[in-house]
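Read the structure below first, then the notes.
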Amino acid sequence: MSLASALTEKAFAERRRPDWEALGALGAKAQKGGIKKLEPADVVRVSPLYRSVCADLATAQAARYSAPLVDYLLGLTAAAHGMMYGPHAKRDDEKRKGSMRRAWLVAFPRAVRARKREMLLAAALFFIPFTLGALLTLRDPTFAFRVVPEAMLRPLTEAYSKGFDGGRETGEGALMAGFYVYNNVGIALRCFACGIFLGLGSAFYLVQNGLSIGAVLGYVASQGAGGNIGLFIIGHGSLELGAIVLAGGAGLSIGWSIVAPGDLPRVTSLQRRAREILVIVAGASVMLVMAAAIEGFWSASAAPQAVKLAVGGTLFVLLSAYILFAGRGPEKGEQGEP
């Protein structure tokens, strides 16, 4: 810092220091009980002092005054901000946290149950082709080649034939988890977004993905690695496949709002339904991220078979119970489930 700058900073600090000390004194007085503990005359002084010190901070930063002075003003303005807005910020933060808790503990499972017809239809459109794909491929392994490229099936078979006794190499889990997030979220978003085409797009992708996944499982099993691929899937399958079905059900719901808008114009019906099911899509996305983490770090691990079965079974039961029972009963201001 040059001599001229030092002299300018010194003059600036000497001129403004009374206001800084006054604001600091008010902050110390209000520290134990907040701004409500100050006398009315002191409360009136807080706001103009705070604004002027904020302006001083901006001036010090623009003039590139010394770091100790800038840090002092930063601390002073932060303390004053907390004194003025702390109680309100705390209440707002509590409201946000409460809203997030309600979204996950109440709104998401309720929204799924409120669309149970679409969800059941989506489950049928996915799991019936899934079962047919697996059975037809077990009967004739070449059937899988009509659904999934042979170039994809053979490497999968080789990989699952090796088993998971060695687990994954360090760093590979994170890489695979990122890939699974990208791949699975893309599938779910297609199942949802294509519902705009009167629900036909969602139905198509549900059938296609169900048939493809079933054919892959059937082909790997027909080559003698069915136990390994089943053990791999059980840890994350309930989250991953469940999320795809939920996203597809949300897409079918969007399509139905266009086909049968009731007394509303189709655009209005679509907008209203889209807002209602947004929470389902968000929940399905979180489920897919969780599934990707499990798939990347746990499913291919060297954990004992009994442990993997227990974890997968427990996760399926917990997820089912959550969807079926969470958020039941009236809340404040409500008379039951929407």
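So Ile128 clears everything in (1) at pLDDT 90 or above; (2) more than 25 Å from Ser222 (Cα to Cα) except one condition, right? Which one?
Failing condition for Ile128: (2).
Restricting to segment 193-231, name every residue that is surrounded by fewer than 22 Cβ atoms within 10 Å (Cβ to Cβ) and under 25 Å from the mean Cα position of the chain (by Cα).
Listed by number, the residues that qualify are Ala193, Cys194, Ile196, Gly201.
Which residue pairs have Cβ atoms under 7 Å apart, sit 6 or more places apart or on different chains, and have a first residue in segment 65-83 that is over 17 Å from Pro48 (Cα atoms) and a second that is among the hydrophobic types (A, V, I, L, M, F, W, C) and buried (at least 17 other Cβ atoms within 10 Å of the Cβ)?
These pairs meet every condition: Leu69/Ala13; Leu69/Ala60; Val70/Ala60.
Does any residue in segment 225-243 that is within 13 Å of Trp298 (Cα to Cα) come within less than 8 Å, Cβ to Cβ, of a residue that is among the β-branched types (Val, Ile, Thr) and buried (at least 19 other Cβ atoms within 10 Å of the Cβ) six or more places away or on a different chain, and which pairs are these?
Gly235/Ile294; His236/Ile294
Let me spell it out: the conditions are (1) modelled with pLDDT of 75 or more; (2) under 42 Å from the mean Cα position of the chain (by Cα), and Arg16 meets all of them except one. Which number is the exception?
(2)
Scan Ala282, Ala306 and give me the residue that is more than 30 Å from Lys162 (Cβ to Cβ) and out of contact with any Gly (no Cβ under 9 Å at 6 or more places or on another chain).
Step by step, each of Ala282, Ala306 is checked, and only Ala282 is more than 30 Å from Lys162 (Cβ to Cβ) and out of contact with any Gly (no Cβ under 9 Å at 6 or more places or on another chain).
I'd like to know if segment 118-139 contains one or more residues that are of a type in the set (D, E, K, R) and under 32 Å from the mean Cα position of the chain (by Cα).
Yes, that holds for at least one residue.
The values are calculated or read from the model by the stated rules, or taken from the named source; none is laboratory data. All of these numbers come straight from a predicted model, not from anything done at the bench. So basically every Cβ, Gly included, is an ideal-geometry build from the backbone, and we count neighbours across all protein chains shown.
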